[in-house]
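Shown next, in structure tokens, is the structure this report addresses.
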Amino acid sequence: MRACVTGATGFVGGHVAGLLVEEGASVRATYHRPERLPRLGALGDVEPVPGDICDVDALKNAFRDCEIVYHVAGFVGSRPRDVAFSLNALSARVVIEAAASAGVRRVVHTSSLAGIGPASKTASDERDLFTSGDLGLTYANSKHEGEYEALAASARLGVEVVIVNPAYVFGVPVDGSPDGETSTKVVSNYLRGRLPGVLDGGLNVVDVLDVAKGHLLAGTKGCPGNRYILGGYNLTWVQLLERLALLCNVRYPVLILPRQIVRTFALMETLGLRPPMRAEAVHLMSLLWHGSSDKARTELGYSTRPLDETLLRTASWHQELISHDTFDASESSSRSRIAARVHATQRRGLYKRLAPIEKGGGFRLLACV
């Protein structure tokens with residue numbers, strides 16, 4: 001089988017391409033930034049093909065003679081807004097159009113759990129309608145629009161499209177590179193004592209190795225026109241950090257911020273001030289991003305490894321990077337300065353004086369203490 005993977009120089013895409021090679025497929029990988037080409041060296045026998053994911057002619061060349069395309073490339077972020085919509089939404093249509101012109105039978109399109117929306121009940125599933133467009137979350141909106149574009153082009157052109165919706169992906173990139181792995185930076189920030197606070201929202205943590213396997217299962221077993229949540233374990237941010245603290249025996253106090261702080265940060269941005277964290281990122285963290293992968297387990301045979309295995313491997317990789325001075329120890333930011341103040345206040349025992357207030361109010365001020 002010949003397959004093409006967009007985004008193979010990235011985190012999830014690299015693992016998808018590598019797993020395809022392991023399973024004996026002939027693999028092409030598109031790339032846009034030549035400086036990231038060395039990452040493909042860790043994948044084995046992969047044919048690199050230059051091409052922007054919004055350039056239909058370049059993609060037609062990359063997709064020639066392919067039976068299946070895994071469109072994993074995208075933009076993990078919200079700014080610039082036009083870039084997010086171009087790479088997460090417009091590219092979906094362009095990829096399907098190029099696949100149709102090249103005679104590709106099937107495309108697996110990588111969306112996100114964010115493209116389904118935050119959970120309105122215990123956990124989101126594939127049947128949920130996207131009702132959170134008015135929240136102003138660029139990443140979620142662009143991912144949802146990408147699903148729409150992919151399915152509309154599929155219906156128009158006759159290419160089979162299967163959508164996968166990975167949750168919050170942890171793990172280690174195929175080449176061990178720390179650059180650009182935004183989904184795991186929270187681990188590095190915590191282990192370096194540079195995470196001042198979290199909101200008590202929820203996330204679903206999944207291993208990148210399981211997500212890659214889920215892509216291949218969707219390619220062979222997925223029903224066209226359907227989407228499949230590739231998730232793992234539903235947690236709160238506080239539970240995640242406290243699990244990391246226990247597994248790594250590293251304890252830095254972290255403030256548990258109220259949801260109302262989103263409005264404060266948004267007002268600061270409106271006034272031209274720079275809050276410690278961007279308002280949209282804080283808003284995302286405040287919501288309940290819990291999901292169910294029951295459909296993927298039943299229809300695809302999808303499975304996940306233990307949570308602690310994923311967290312330990314991710315943390316060990318970051319600890320190795322830290323030990324080799326990969327991160328600039330002298331780097332200072334508003335977040336790191338606030339974190340330092342939180343640590344100093346905790347060391348002086350001032351938070352203990354607030355314990356009666358916490359108990360009476362039924363809330364917590366600090367995690368990982």
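The values are calculated or read from the model by the stated rules, or taken from the named source; none is laboratory data. Predicted model only: the values in this text are computed from it and were never measured. Neighbour counts run over all protein chains shown; Cβ positions are idealised from the backbone, glycine included.
For region 39-72, give me each residue that is among the hydrophobic types (A, V, I, L, M, F, W, C) and assigned to a helix (DSSP H, G or I). Give the derivation first.
Here is the first cut: in region 39-72, the residues among the hydrophobic types (A, V, I, L, M, F, W, C) are 40, 42-43, 46, 49, 53-54, 56, 58-59, 62-63, 66, 68-69, 72.
Residues satisfying the conditions are Leu40, Ala42, Leu43, Val56, Ala58, Leu59, Ala62, Phe63.
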Yes/no for Val186 being of a type in the set (Val, Ile, Thr), within 20 Å of the chain's Cα centre (by Cα) and closer than 22 Å to Ile256 by Cβ: yes
Among (1) in contact (Cβ under 8 Å) with a residue 60 or more places away in the chain; (2) at positive phi, the one test that Gly158 misses: (1)
Subset of region 77-113 (residues that are closer than 22 Å to Glu160 by Cα and assigned to a loop (DSSP other than H, G, I, E, B)): Gly103, Val104, Arg105, Ser111, Ser112
Set Ala99, Ala62, Ala92, Ala58: member being buried (at least 17 other Cβ atoms within 10 Å of the Cβ), of a type outside the set (Lys, Arg) and either over 25 Å from Lys213 (Cβ atoms) or touching a Leu at 6+ places or on another chain (Cβ under 6 Å) (or both): Ala58
Subset of region 67-89 that is free of Cβ contacts under 8 Å to residues at least 60 places away in the same chain and of a type in the set (Gly, Ala, Ser) - its residue that is surrounded by the fewest Cβ atoms within 10 Å (Cβ to Cβ): Ser86
Condition met for Leu257 (touching a residue at least 12 places away in the same chain (Cβ under 8 Å) and either within 30 Å of Tyr148 (Cα to Cα) or surrounded by fewer than 16 Cβ atoms within 10 Å (Cβ to Cβ) (or both)): no
Test set (1) out of contact with any strand residue (DSSP E or B) (no Cβ under 6 Å at 6 or more places or on another chain); (2) part of a helix (DSSP H, G or I); (3) at pLDDT below 95; (4) crowded, with 17+ Cβ neighbours inside 10 Å - Ala140 fails condition number: (3)
